[in-house]
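Step one of this worksheet: look at the structure below.
Derivation of every value follows stated rules applied to the coordinates shown; laboratory data play no part. Computed from a prediction, not measured in an experiment: that's the story for all the values here. Quick reminder, even Gly has a Cβ in these numbers, built from the backbone with ideal geometry, and neighbours come from all protein chains shown.
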Amino acid sequence: PLRRRSGLLLPEFSTSTQRGTEFALPYYWAPRPDWDATLTPRWMSLRGVLADIELRHAISDGAQSLQWSAINDLKSGQYRQHIQSDIRQQLPAQLSFASKINYVSDHLFLSDFSLDATETSTAYLSSQAGLRWQGALSDAQLSGQYHQNLTLLNDQTTLQILPRFESHTALPLGDSTLHFDQQSTRFARVVGTDGTRIALHPWLEVPLSWQNHAISS
């Protein structure tokens, strides 16, 4: 309980009409204090062997996790996979990077292989990544988003955002502050409407006082 140790975890056994007889034996590996991994081979009599790998890493200025599941499915005759990651990293020059990926190779992967009841009923997956700069009076971010609608046969009509650039600036003007926000987005679909949207939003923050009470509007 006071220190992580590498070794085998509890085995799992089940049977179903979807995957047949099923057996998994996870192995936990902790070679260093700042990262570890869990390796889980899962044998299914009707599907084959599903390999599941989870990596975790944490340091003072960031944390990363990656989970990858893959199988050569005997039933469909296809290679299928599910990738999840969560990366947050502080960079030099007031920059930071964040990425959260949730991607499946086909829209039936979760319903066929996930052991989480909530996950098997998921209808929409979203993956995004962004680079952010934070200054004293301004900030800016360049990002992209990829979406998968699991209720459809494919994602040709699903909205994708590749890329989006947004910024916020505050300029002191005496006791007042002039703000200028902007967002430029490139949205695309294989089938359907695509294009670029630009939104500009200047606004003025003016302090007011009334009977010695401060009001901000």
*asked:* If I model a spin label at S76 and W43 as a point 7 Å from the Cα along the Cα→Cβ vector, what separation in nanometres do I get?
replied: 2.4
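What's the magnitude of the charge dipole for the chain around its Cα centre, counting Lys and Arg as +1 and Asp and Glu as -1 at the beta-carbon? Answer in Debye, nearest 20.
Numbers: 17 positive and 20 negative charges, 97 e Å.
Using Cβ point charges on Lys, Arg, Asp and Glu, the chain gives about 460 debye.
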*Cα-centred dipole magnitude for segment 82-196, charges only on beta-carbon of K, R (+1) and D, E (-1), debye, nearest 20*: 260
*Scan the chain and report its longest stretch carrying no trypsin sites (Lys or Arg not before Pro) that are both in a DSSP loop and have at most 16 other Cβ atoms within 10 Å.*
76-188
*May I ask you to derive the FRET efficiency for T196 and T122 from their Cβ-Cβ distance with R0 = 41 Å, giving the value to the nearest 0.05?*
0.85
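Helix-only estimate, please: 222 nm mean residue ellipticity of the chain, summing -39500 (n - 2.57) across DSSP H runs of length 4 or more and dividing by its residues, to the nearest 500.
Details: 2 runs with 9 residues, N = 217.
So the calculated ellipticity at 222 nm is -500 deg cm²/dmol.
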*Lys/Arg +1, Asp/Glu -1 at C-beta; segment 100-217 dipole; positive extreme among L178, F113, S143*: L178
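Subtract the Cα-Cα distance of W203 and D175 from 0.36 nm times their separation in residues, and report this length gain in nm to one decimal.
Numbers: separation 28, 0.36 × 28 = 10.08 nm, distance 1.46 nm.
Contour length minus Cα-Cα distance gives 8.6 nm.
Any chance you could run the full-extension gain for L9 through L142? It's 0.36 nm times the residue separation minus the Cα-Cα distance, nm to one decimal. Don't skip to the end; give the middle numbers.
Working: separation 133, 0.36 × 133 = 47.88 nm, distance 4.14 nm.
Going from the current span to full extension adds 43.7 nm.
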*Compare the Cα positions of P207, Y79, S126 along the charge dipole of the chain (+1 at Cβ of Lys, Arg; -1 at Cβ of Asp, Glu; about the Cα centre) and return the one farthest towards the positive end.*
Y79
*Which shape class applies to segment 5-73: rounded if a/c is under 1.5, otherwise prolate when a/b exceeds b/c and oblate if not, where a ≥ b ≥ c are the square roots of the Cα gyration tensor eigenvalues?*
prolate
